[in-house]
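Novice: Below you'll find the structure I mean.
The values are calculated or read from the model by the stated rules, or taken from the named source; none is laboratory data. Computed from a predicted model, the values in this text were never measured in an experiment. A quick note on method: Cβ atoms are made from the backbone with ideal geometry, for glycine too, and the neighbour counts reach across all protein chains shown. The protein model used for the area step is the full one, side chains on, heavy atoms only, and it has no ligands, DNA or RNA in it. Shrake-Rupley method; radii C 1.70, N 1.55, O 1.52, S 1.80 Å.
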Amino acid sequence: MTTMLHEEDVLALGPVGAVAAVREALVGGLDPDGDVPRAIIPLAHGQGLLMPSESGGWFGVKIATVAPGNAARGLRRINATYLLHGSETLTPVAILDGVALTTLRTPAVSVAACLDRLRALADARGGLRLVVFGAGPQGEGHVATVRAHVPVADVTVVTRRGGPVPGWADRHTTADGVETAAPVSRADVVVTATSAREPVIDGRLVRDGAVVLAVGSHEPDVRELDGALMGRATVVVESRETALREAGDVVMAMREGSLPPDSLVTMTDLIASRAVAPADRPLVVKTCGMAWQDLVVAVAAYRRKGGTPGERS
């Protein structure tokens, strides 16, 4: 029968399990550039996304929707469902909560890409200082995933309007440029997880050696990071092809001449030590989200639940 993995079942894998699944897949030979590009379908009130992937004896597909108007209705902006199959028989073996899967795998990919740098920073500085732009699930998820791997001393969350301090942060400030300059200049890790269409930080403020995790945009004309930062950083991407097609932070910096086209470093090369990220430069991890990431984390969550490819519906 087909196994149902609800939100709590997916999240039970935890940040450590999700990061391990991503790193093990890349070390094991998974090629992100072999993934099928996601289909983005314009809809009357938002977007539909279709994200299929096959690897390691599994096939899966996520169907997601993005409805910008849902916030005003008190509803989730993003909804998703994931369907997992065994590759041999193509029989559906599990249906997963796609929102929980996305919430778990997105920060797992960010941290998987820069885990060695995070550990080096933690060894040198003790608890890390984080500044997080965006108070939604991805902001919270990135803090939880970093915290699961290294000590965190302080978290500042930044939003357009400020407000109450979330339980996962130490303070909440307004993105007015004045109040955020000092925290950003001191930060070991900056997370941008927003719906902004223009840069949310002045890249000149980011200190040498800091890590920047940018996850908010997946369109070529939308970005959270400016060319000043991209030009002085080591920029790590999931896939060069995907970055050049979907990552506005990358595409627009290249268009401006700030980022050389041949300078991108892939997650695979960095994790496998085929590339070096100098410690005296910022490390930017720019992700758009790819179908293989959902697949490997979905498989890990399914296996944790006790499932095997041989199950039948």
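Novice: Multiply the residue gap between residue 179 and residue 258 by 0.36 nm, knock off their C-alpha separation, and tell me the result in nm, one decimal place. Could the numbers behind the result be given before it?
Specialist: Numbers: separation 79, 0.36 × 79 = 28.44 nm, distance 2.70 nm.
Here the answer is 25.7 nm.
Novice: Per residue, how much accessible area does region 232-310 have with a 1.4 Å probe, in Å²?
Specialist: 39 Å²
Novice: Please label the shape of region 190-250 as rounded, prolate or oblate, based on the square roots a ≥ b ≥ c of the eigenvalues of the alpha-carbon gyration tensor (a/c under 1.5 means rounded; beyond that, a/b larger than b/c means prolate, else oblate). List each step's numbers first, then the result.
Specialist: On the way: a/c = 1.79, a/b = 1.30, b/c = 1.38.
Oblate.
Novice: Of all beta bridges DSSP finds with both residues in the chain, what is the antiparallel percent, to the nearest 5?
Specialist: Here the share of antiparallel DSSP bridges comes out near 45 percent.
Novice: With springs connecting C-alpha atoms under 10 Å apart, model the chain as a Gaussian network and identify which of 45, 142, 218 has the largest mean-square fluctuation.
Specialist: The residue that fluctuates most here is 45.
Novice: Tell me the label-point distance for the pair residue 31, residue 90, using the 7 Å Cα-to-Cβ offset, in nm and rounded to one decimal.
Specialist: 2.2 nm
Novice: For region 48-203, what does the alpha-carbon gyration tensor say about shape, rounded, prolate or oblate, given a ≥ b ≥ c as the root eigenvalues, a/c under 1.5 as rounded, and a/b over b/c as prolate? Can you show the working numbers first?
Specialist: Details: a/c = 2.69, a/b = 1.52, b/c = 1.77.
Oblate is the answer for region 48-203, as a/c is 1.5 or above yet b/c matches or exceeds a/b.
Novice: So how far, in whole Å, is the C-alpha centre of region 284-308 from the one of region 193-249?
Specialist: Here the answer is 23 Å between Cα centres.
Novice: Can you give the calculated 222 nm mean residue ellipticity of the chain, where each DSSP H run of n ≥ 4 adds -39,500 (n - 2.57) and the sum is split over every residue, rounded to the nearest 500 deg cm²/dmol?
Specialist: Taken over the chain, the calculation gives -10500 deg cm²/dmol.
Novice: Highest GNM mean-square fluctuation, the chain, Cα pairs closer than 10 Å: which of 193, 243, 67?
Specialist: Comparing 193, 243, 67 in a Gaussian network model of the chain, the most mobile one is 67.
Novice: Looking at the chain, do any whole DSSP H helices span at least 18 angstrom along their long axis by alpha carbon and average -0.5 or above on Kyte-Doolittle, and which?
Specialist: The answer, listed by residue number, is 14-27, 98-125, 291-304.
Novice: A follow-up question, please. Quick check: residue separation of residue 2 and residue 219 times 0.36 nm, minus the Cα distance between them. What number comes out in nm?
Specialist: 74.7 nm
Novice: For region 193-313, what is the Kirkwood hydrodynamic radius in Å, using each pair of distinct C-alpha atoms?
Specialist: Result for region 193-313, one decimal place: 15.4 Å.
Novice: For the chain, modelled as a GNM with alpha-carbon contacts under 10 angstrom, which of 248, 69, 60 fluctuates the most?
Specialist: In this elastic network of the chain, the residue with the biggest mean-square fluctuation among 248, 69, 60 is 69.
Novice: On to the next question. Explain nothing, just the number: relative contact order of region 192-313, from Cα pairs under 8 Å at least 6 residues apart, as a whole percent.
Specialist: Relative contact order, region 192-313: 29 percent.
Novice: Moving to a separate point now. So if I take the centroid of the Cα atoms in region 9-55 and the same for region 96-119, what is the distance between those two points in Å?
Specialist: 10 Å
Novice: Could you check the spin-label model distance between residue 75 and residue 204? Points 7 Å from the Cα along Cα→Cβ, value in nm.
Specialist: 4.5 nm
Novice: So how much slack lies between residue 124 and residue 269, counting 0.36 nm per residue of separation and subtracting their Cα-Cα distance, in nm?
Specialist: Going from the current span to full extension adds 49.8 nm.
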